[in-house]
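Scroll down for the structure; my scribbles are underneath it.
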Amino acid sequence: GEITFIPWDTVEMYGMELGPKAVWLLSFVFIVNLLIIIFFYKEFKISSFDPEMAVAIGIPVLFIHYLLMGMLSITTVASFDSVGAILVVAMLIVPASTAYLLTDKLLNMLFISAVIGVFAAVSGYYVATLLNVSIAGAMASSTGVLFAIAFLFSPKHGIIAKKRAQKNLRKAANAPTMTM
């Protein structure tokens, strides 16, 4: 899978070209995944973060687990053929990890990771065309740059925030206390 070759593998129906095959396939996978997430969001959330509670209220945790794994597998297989292994792995892991550094709410994390993925794809594409390098590599590198920025500057989990918190703790420990 090479993202550069996507426009040449098209779907034709009744002599009319309908566009790249990968776009149709991945659009279908996206819609199916989106519908599953919309319909099972609460079950996914409770099963992922508190499986004992999910079992106690009657949610089939094993089914939800295999549904998530099935979604991941179908998305991965459909994407491998289109964009290649490096980009699939980068886009599965890095946007979600970056979003995790920026928020603790699951719904916000889903939206932020989607925005990060789109931004990394678009910026990576333009960097690749500007520098005449691999598009998939540039997109993967863009995700890495965004993760590094979040890792440094995240308000809660970032290195700078943690250093500032440690500095404030040292100041508080060294501050003179008033006794009466």
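The values are calculated or read from the model by the stated rules, or taken from the named source; none is laboratory data. Remember, predicted model here, so these are calculated numbers, not experimental data. Accessible surface areas use protein heavy atoms only, side chains included; no ligands, DNA or RNA. Shrake-Rupley method; radii C 1.70, N 1.55, O 1.52, S 1.80 Å.
Observations on the structure shown:
- Ranked order, TYR100, TYR125, TYR14, TYR41 - accessible area, probe 1.4 Å, largest first: TYR14, TYR100, TYR125, TYR41
- The shape of region 55-162 comes out oblate: with a ≥ b ≥ c from the C-alpha gyration tensor, a/c is at least 1.5 while a/b does not beat b/c.
- The chain, accessible area per residue, ligands and nucleic acids excluded (1.4 Å, Å²): 70
- Value of [θ]222 nm, deg cm²/dmol, for the chain, DSSP H segments ≥ 4, -39500 (n - 2.57) each, nearest 500: -26000 deg cm²/dmol
- Helix 85-102 and the longest principal axis of the C-alpha atoms of the chain enclose an angle of approximately 30°.
- For LYS42, LYS21, LYS171, the ranking by accessible surface with the largest value first comes to LYS42, LYS171, LYS21, using a 1.4 Å probe.
- Carbon plus sulfur fraction of accessible area for region 83-128, probe 1.4 Å, in percent: 79
- In degrees, nearest ten, helix 61-83 long axis to first principal axis of the chain (Cα): 60
- Full-extension gain in nm, GLU52 to ASN132, via 0.36 nm per residue minus C-alpha separation: 23.6 nm
- Checked against a 22 Å cut-off, the cross-linked pairs LYS105/LYS156; LYS45/LYS105; LYS105/LYS163; LYS105/LYS171 give Cα-Cα distances beyond that limit for LYS105/LYS163; LYS105/LYS171.
- The chain shape via C-alpha gyration tensor axes, a/c threshold 1.5: oblate
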